[in-house]
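The values are calculated or read from the model by the stated rules, or taken from the named source; none is laboratory data. All of these numbers come straight from a predicted model, not from anything done at the bench. Cβ atoms come from the backbone with ideal geometry, glycine included; neighbour counts cover every protein chain shown.
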Amino acid sequence: MPLWEKRRSAWVLAGLTAFHILLISVQVPPGAGKSVFEKGVFFIFSPIQSAASGAARGVASVWNGYFDLRGVRRENRKLKQENFFLSQDVRFLEDRLRFAESEARLRESLAEFEGSILAARVIGVDSANPHQSIIIDKGSFDGVMKDMAVCDRNGSLVGRTIPPIGFKTAKVQLVTDKDSSVSVESVGSKLTGSMTGRSTDVCDLRYILATAEGGAEGEELRTTGYDKIYPAGIRAGVIKSIAPDERSPIFRSIAVTPAFRFDTIDAVAVLTRRPGGGE
Amino acid sequence: MRDTVVRDLLQAFLGTVVAVLVYSLAGAGAPALLVVFNAFSIVVLYYSIRRGEVFGALLGTMCGLAQDAFSLGVFGVAGLTKTLLGFWTGFISKRIDVGSLTRNALFMLVMSILETGLWVLLTALVRLKSINLHGGLIFLQPVVTAAVASTLFALERRARARSSRGA
């Protein structure tokens, strides 16, 4: 019997282990772009996920629509959709009004978002940690590209689209992910910093000097737009607590509660136009 | 032999599709469930005992990479842990008796604990940051995973016994 036959199991294990170690080692330190191989795996399995979520929704839909409730359901769906877009519009109008300095600036700001809100449904959450990423049912065929801001139904910031982006699916990095960073400022005291995630339901407001004035518990944080990813004025979170940073005394340790609620992001809005008007 | 390899690869792919379906349905029901329940591990454990170490390793690779593709972690970490899970589950189960429900559940629990431990260790190592343990909730994952997988085995055995009695 050839050696291969005798030691087949051991060769298979050794080959697969070596393959994985190689795969992991080319990505360390993290931060490089996604490999073609990873994108390929996502492309293969994301339609299955999309179909499974669709089937689950279909079963639920058949069940709910039983006993001739179709008319009521159709109307309800229409109203929900209208409500979704109205909520978005109201939020953005409020935000724009607050930030606009003149009528001309207001018009310019509003034009930025005209026809650029794409409603999407959440079809999956991160398989390792639900606070890191979600998967939505809109992809490159719908005009979704990387680094587009994503908001919840109330216009609060959820995150941004990241690769891999499939034809009908896309991955969204949540603001609660530990590798996420959003430029924000507090509404009252104009305290500017970087909101970073912890991969839990709480974020941090970083790089606030201990000597900096302002900032209070309960104060709202909004995006500044400096990062060129998130448009300015979107609600990002609320200051939860402020304490001296023991590890780095020159900064303050500020905990932030994200504005979006994880348990209500079944539907989201993708802002297909970036700050400055670029798509 | 080539036929066997192709058949194994196809079946491993179908097993992965099953895992993605279970993961998607669980995620659609309650996202928080995914912290205490690993659909990919259940499929790997189940088929590794059924089909042996080589198939277990292949299925582990596919399921692990699929899990990695749906996560923001380093691509390949779950692939490696699930490959080892599949291989060693198939290898050991051929050498010890895991027939009874208790032995089966205990064996799966031990394998799931080892897999979770290795995953936590590797993730902490390659991301160079402490990982989120969800207030310790993640340690429930091996228990729930082993319980679900051994229940599947028990149900399958009962169904087979019933069908053979009926025949």
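Is it true that A:R121 is at pLDDT 75 or above and under 13 Å from the mean Cα position of the chain (by Cα)? Spelling it out, A:R121 is indeed at pLDDT 75 or above and under 13 Å from the mean Cα position of the chain (by Cα). When residues in the range A:115-130 are screened for being touching a Gly at 6+ places or on another chain (Cβ under 7 Å) and part of a loop (DSSP other than H, G, I, E, B), 1 of them pass.
Conditions (1) surrounded by fewer than 19 Cβ atoms within 10 Å (Cβ to Cβ); (2) under 14 Å from A:I48 (Cα atoms); (3) facing another protein chain (nearest Cβ under 9 Å), marked per residue:
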| position | (1), (2), (3) |
| --- | --- |
| B:D8 | yes, no, no |
| B:V36 | yes, no, no |
| B:V43 | no, no, no |
| B:G52 | no, no, yes |
| B:L58 | no, no, yes |
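Of the set (1) at pLDDT 75 or above; (2) buried (at least 17 other Cβ atoms within 10 Å of the Cβ), all apply to A:R91 but (1). Would you pick out the residues in the range A:153-203 that are of a type in the set (D, E, K, R) and away from every other protein chain (no Cβ under 14 Å)? Answer for the range A:153-203, where residues must be of a type in the set (D, E, K, R) and away from every other protein chain (no Cβ under 14 Å): A:R153, A:K168, A:E185, A:K190. Restricting B:V22, B:V74, B:V17 to those that are without any contact (Cβ under 8 Å) to a residue 12 or more places away in the chain and either closer than 24 Å to A:G15 by Cα or among the β-branched types (V, I, T) (or both) reduces the list to B:V17.
Table: residues versus (1) within 10 Å of chain A (Cβ to nearest Cβ); (2) part of a helix (DSSP H, G or I); (3) surrounded by fewer than 24 Cβ atoms within 10 Å (Cβ to Cβ).
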| residue | (1), (2), (3) |
| --- | --- |
| B:F40 | yes, yes, no |
| B:A66 | yes, yes, no |
| B:S71 | yes, no, yes |
| B:F107 | no, yes, yes |
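The set of residues in the range A:200-217 that are in contact (Cβ under 8 Å) with a residue 60 or more places away in the chain and touching a strand residue (DSSP E or B) at 6+ places or on another chain (Cβ under 9 Å) contains only A:D201. Here is a check on your reading of the model: is A:K39 within 11 Å of chain B (Cβ to nearest Cβ), at pLDDT below 75 and closer than 30 Å to B:V17 by Cβ? In short, no. Restricted to the range B:22-34, and to residues there that are within 8 Å of chain A (Cβ to nearest Cβ) and part of a loop (DSSP other than H, G, I, E, B), the residue that is nearest to A:R121 (Cα to Cα) is B:P31.
The residues of the range A:237-279 that are under 24 Å from A:I123 (Cβ atoms), touching a strand residue (DSSP E or B) at 6+ places or on another chain (Cβ under 6 Å) and either modelled with pLDDT of 90 or more or surrounded by 19 or more Cβ atoms within 10 Å (Cβ to Cβ) (or both), listed by number, are A:P258, A:A259, A:F260, A:I265, A:V268, A:A269, A:V270, A:L271, A:T272.
Going through (1) touching a strand residue (DSSP E or B) at 6+ places or on another chain (Cβ under 9 Å); (2) under 30 Å from B:T123 (Cα atoms) one by one, A:V187 falls short only on (2).
Only a single item in (1) more than 10 Å from every other protein chain (Cβ to nearest Cβ); (2) at pLDDT 90 or above; (3) part of a helix (DSSP H, G or I) is not met by B:I96, and it is number (3).
Let's see how each residue does on (1) of a type in the set (A, V, I, L, M); (2) over 13 Å from the mean Cα position of the chain (by Cα); (3) within 17 Å of B:L65 (Cα to Cα):
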{"residue": "B:V18", "(1), (2), (3)": "yes, no, yes"}
{"residue": "B:L21", "(1), (2), (3)": "yes, yes, yes"}
{"residue": "B:G27", "(1), (2), (3)": "no, yes, no"}
{"residue": "B:P31", "(1), (2), (3)": "no, yes, no"}
{"residue": "B:V35", "(1), (2), (3)": "yes, yes, no"}
{"residue": "B:N38", "(1), (2), (3)": "no, no, yes"}
